[in-house]
Amino acid sequence: MNTYDITFLGHMCFDEITPYQGETKIAPGSAVLCGAMVAAQLGKKVAVITKMAQKDETILAPMQDQGIQTFVIPAHETTFSVVIHPTANVDERRLILKQSAGLFRLEEIPSLQTKHLHLAGISDQEFDMDLILGLKAKGYNLSADMQSFVRQVDPHTREIAFMDVRQKQAIIQQLSKVKLDIVEAKVLTGTDDLEQAALGIEAWGCPEIVITHAGGVLARAGGRTYYEKFSNRSVAGRTGRGDTTFAAYLSWRMEHDVAESLKFAAALVSIKMETPGPFQGTLQDVIERMILEHSA
C-alpha cells in the first residue's frame, strides 16, 4: 500500500468569484485544490479524497498532473460556491453555496497509509462528529480547517453565515493541528486578538494552532507564539489564502521548526496572493522571497 505524506479530504468545487469592483470569473477551486497543489509542488507524496459528480472529474487533472493520487466518492452534483467581495477589505466576503456534494460518511473513505489527514472543507456540509471520531479511532493524525464547521449554510437561501460551533471543543480535541482565519477565530473564541484566540483554542486541547488575517499569520505551539507578516504586492489571488498558508506550513513543518515553517508559509502564500488560482511558483521562488522579505 502507498504511504502518503499528506492526504486532503474535502469537496472539489467550482468557485464563482466577484472581486471588489472587478469582473466575475468561474474556475475550479476548493481548500483541497489549493492545499494539495502546494504540498505536491513542495515534493510531498499527496493524496486527495473528494466527493463530486463524476461528469466533472476533468477538473482533477491539474492535481493528477502534479502526481497527486485522487480518490473520488461519486455524488449527484459537484459543489458550487459563490464568493463576492463587496468592499476593498479582502477579509469581508459574501459566500453562497449553490450546490453541495453532501456529507462524507466514514464507510465511504478509502483506507490509506498517510502521515497526516487534513480535513479541508469549505462549509459545514462536509464533515460531522461521527466522521471525525471514526477517523481518529482508525489512528489517523488529524488536522482541520475550522471553516469546515464555522461556515454554516442556510438550507433555504444557501447563504453561508459564520456561526459558533456547538461541538467546537470536541472537534479541536481530536486534532494535532488546526487552521483558522481571523473571522473564524473571533466567532469561536469571542476575540479578534490573534494571540488571545490562539491561547483559547490551545486550552481546548489542540497543541498547534495557525491563524491567518489580512496582514500575516500567527502560530501557537509548544507554549510559544510566533508571527510572520505577509509580503504580497497585490490581493488578486486572495481566495485560497488560508488553505495555501496551512498546506505550506504543514508541508514544511514535517522537517522544520515552527518559526522556519511559518516564514516559509508566509513567503509562499504572499507569492500566491499576487496571482489568482492555486500557487504556481517554485520552491526557489519561495526561498528567494524568504531571503528578501522574511529573513529577520
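The values are calculated or read from the model by the stated rules, or taken from the named source; none is laboratory data. What you are looking at is a predicted structure, and each value in this text was computed from that prediction instead of being measured. Counting neighbours? That spans all protein chains shown, and the Cβs are built from the backbone with ideal geometry, glycine included.
What the table shows:
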read-out: Some residue of region 81-94 being closer than 17 Å to Phe8 by Cα and surrounded by fewer than 17 Cβ atoms within 10 Å (Cβ to Cβ); value: no
read-out: Residue within region 216-229 that is out of contact with any helix residue (DSSP H, G or I) (no Cβ under 9 Å at 6 or more places or on another chain) and of a type outside the set (A, V, I, L, M, F, W, C) present; value: no
read-out: Enumeration of residues in region 209-229 that are surrounded by fewer than 21 Cβ atoms within 10 Å (Cβ to Cβ) and under 29 Å from Asn141 (Cβ atoms); value: His213, Gly216, Gly222, Gly223, Arg224, Thr225, Tyr226, Tyr227
read-out: Residue list for region 7-44, filter: in a strand (DSSP E or B) and touching a residue at least 40 places away in the same chain (Cβ under 8 Å); value: Thr7, Phe8, Leu9, Cys13, Phe14, Asp15, Glu16, Ile17, Thr18, Lys25, Ala27, Gly29
read-out: Ala267 being among the hydrophobic types (A, V, I, L, M, F, W, C), at pLDDT below 95 and either touching a His at 6+ places or on another chain (Cβ under 8 Å) or surrounded by fewer than 16 Cβ atoms within 10 Å (Cβ to Cβ) (or both); value: no
read-out: Residue count, region 169-186 (criterion: surrounded by fewer than 21 Cβ atoms within 10 Å (Cβ to Cβ) and either more than 21 Å from Leu97 (Cβ to Cβ) or over 17 Å from the mean Cα position of the chain (by Cα) (or both)); value: 7
read-out: Flag for Asp124 being in contact with a Leu (Cβ under 9 Å, 6 or more places away or on another chain), free of Cβ contacts under 8 Å to residues at least 60 places away in the same chain and over 23 Å from Thr24 (Cα atoms); value: no
read-out: Region 135-149, subset hydrophobic (A, V, I, L, M, F, W, C) and within 16 Å of Val187 (Cα to Cα), residue surrounded by the most Cβ atoms within 10 Å (Cβ to Cβ); value: Phe149
read-out: Residue, surrounded by the fewest Cβ atoms within 10 Å (Cβ to Cβ), within region 270-296, restricted to residues that are among the hydrophobic types (A, V, I, L, M, F, W, C) and touching a Gly at 6+ places or on another chain (Cβ under 8 Å); value: Leu283
read-out: Any hit, region 265-277, residues being under 15 Å from the mean Cα position of the chain (by Cα) and not aliphatic (A, V, I, L, M); value: yes
read-out: Qualifying residue in region 153-161 (condition: under 30 Å from Asp192 (Cα atoms), free of Cβ contacts under 8 Å to residues at least 12 places away in the same chain and crowded, with 17+ Cβ neighbours inside 10 Å); value: no
read-out: From the options Val72, Val83, residue that is without any contact (Cβ under 8 Å) to a residue 24 or more places away in the chain and closer than 22 Å to Pro278 by Cβ; value: Val72
